[in-house]
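Data first, discussion second: the structure below is written as structure tokens.
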Amino acid sequence: MSQALKLSELIDEMDMQFDDSNVFVNKETGEIVYIMREFLSMAEDGEKGDHLPSWEQKQLKLAEDIVFSFEKYQTIPSKYDMDEYDIMEDFCLAVKNERHQQQLLTAIRGKGAFRRFKDKIIALDLEDDWYDYHHNRLKEIAIDFCHRHEIKYEDK
């Protein structure tokens with residue numbers, strides 16, 4: 001790979017994913033690329049995009065490159081690869097104050113756990129601690145991803 005992937009960009013992308021698109025790392029350039037799923041389907045089906053606006057033609061061309069040169073692309077970890085609930089639970093267990101820890105563990109049980117957790121970290125003034133913890137966990141996942149797929153990265 002000629003250029004290193006910026007780890008901070010990968011972490012940001014892992015944290016902000018949308019259901020209608022896929023995000024890949026171009027292993028040759030270190031570039032993060034987005035592609036809407038409909039264009040991947042079009043490329044797989046061999047559809048031509050002559051009738052499409054220019055921005056969509058660019059998406060289709062990228063999709064074709066991904067489909068036909070798949071070895072140079074790697075899908076980034078999805079929200080399903082990163083178990084947010086486990087990260088939340090680990091954060092709760094890492095809280096030193098036992099009373100706060102128990103309140104957080106209670107908040108994450110059952111339906112509505114994510115909303116209750118967010119409300120509780122705000123009420124306990126642990127919001128900054130949570131975001132630092134969450135960022136560090138995503139960083140660990142990103143570094144592991146890069147190592148597993150032999151992607152050169154820079155951590156700045």
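Values as computed for the structure displayed
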| item | result |
| --- | --- |
| Matching residues in region 119-156 - criterion: being among the hydroxyl-bearing types (Ser, Thr, Tyr) and under 17 Å from Glu89 (Cβ atoms) | Tyr131, Tyr133 |
| Evaluation of Leu7 against (1) surrounded by fewer than 16 Cβ atoms within 10 Å (Cβ to Cβ); (2) in contact (Cβ under 8 Å) with a residue 12 or more places away in the chain (one fails), failing number | (1) |
| Elements of type helices (runs of 4 or more DSSP H) in region 1-117, at least 1 residues being out of contact with any Cys (no Cβ under 8 Å at 6 or more places or on another chain) and farther than 24 Å from Arg148 by Cβ | 37-44, 54-68, 84-94, 98-107 |
| Hits in region 64-96 - residues which are in contact with a helix residue (DSSP H, G or I) (Cβ under 9 Å, 6 or more places away or on another chain), at pLDDT below 95 and of a type in the set (Gly, Ala, Ser) | Ser78 |
| Qualifying residue in region 118-125 (condition: within 28 Å of Asp20 (Cα to Cα) and within 22 Å of the chain's Cα centre (by Cα)) | yes |
| Flag if Leu60 is at negative phi, without any contact (Cβ under 8 Å) to a residue 24 or more places away in the chain, surrounded by 15 or more Cβ atoms within 10 Å (Cβ to Cβ) and more than 22 Å from the chain's Cα centre (by Cα) | yes |
| Filtered residue count, region 63-94, keeping only those that are surrounded by 13 or more Cβ atoms within 10 Å (Cβ to Cβ) and over 20 Å from the mean Cα position of the chain (by Cα) | 4 |
| Subset of region 98-108 [free of Cβ contacts under 8 Å to residues at least 12 places away in the same chain and farther than 21 Å from Arg137 by Cα] | Glu98, Arg99, Gln102, Thr106 |
| Filter result for His100 (within 22 Å of the chain's Cα centre (by Cα), outside the structural domain of Thr29 (by TED's automatic domain parsing), at pLDDT 95 or above and at negative phi) | no |
| Residue check for Ile121: part of a helix (DSSP H, G or I), surrounded by 11 or more Cβ atoms within 10 Å (Cβ to Cβ) and touching a residue at least 60 places away in the same chain (Cβ under 8 Å) | no |
| Criterion: at pLDDT below 95 and of a type in the set (D, E, K, R) - qualifying residue of Glu150, Glu140 | Glu150 |
| For Gln74: the one exception among (1) over 20 Å from Glu140 (Cα atoms); (2) in contact (Cβ under 8 Å) with a residue 24 or more places away in the chain | (1) |
| Residues satisfying the stated conditions in region 74-86, i.e. out of contact with any Asp or Glu (no Cβ under 8 Å at 6 or more places or on another chain) and either of a type in the set (Gly, Ala, Ser) or closer than 19 Å to Lys27 by Cβ (or both) | Gln74, Thr75, Pro77, Ser78, Asp81 |
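The values are calculated or read from the model by the stated rules, or taken from the named source; none is laboratory data. Since we're looking at a predicted model, the values are computed, not measured. Positions of Cβ are backbone-derived with ideal geometry, glycine not excepted, and every protein chain shown enters the neighbour counts.
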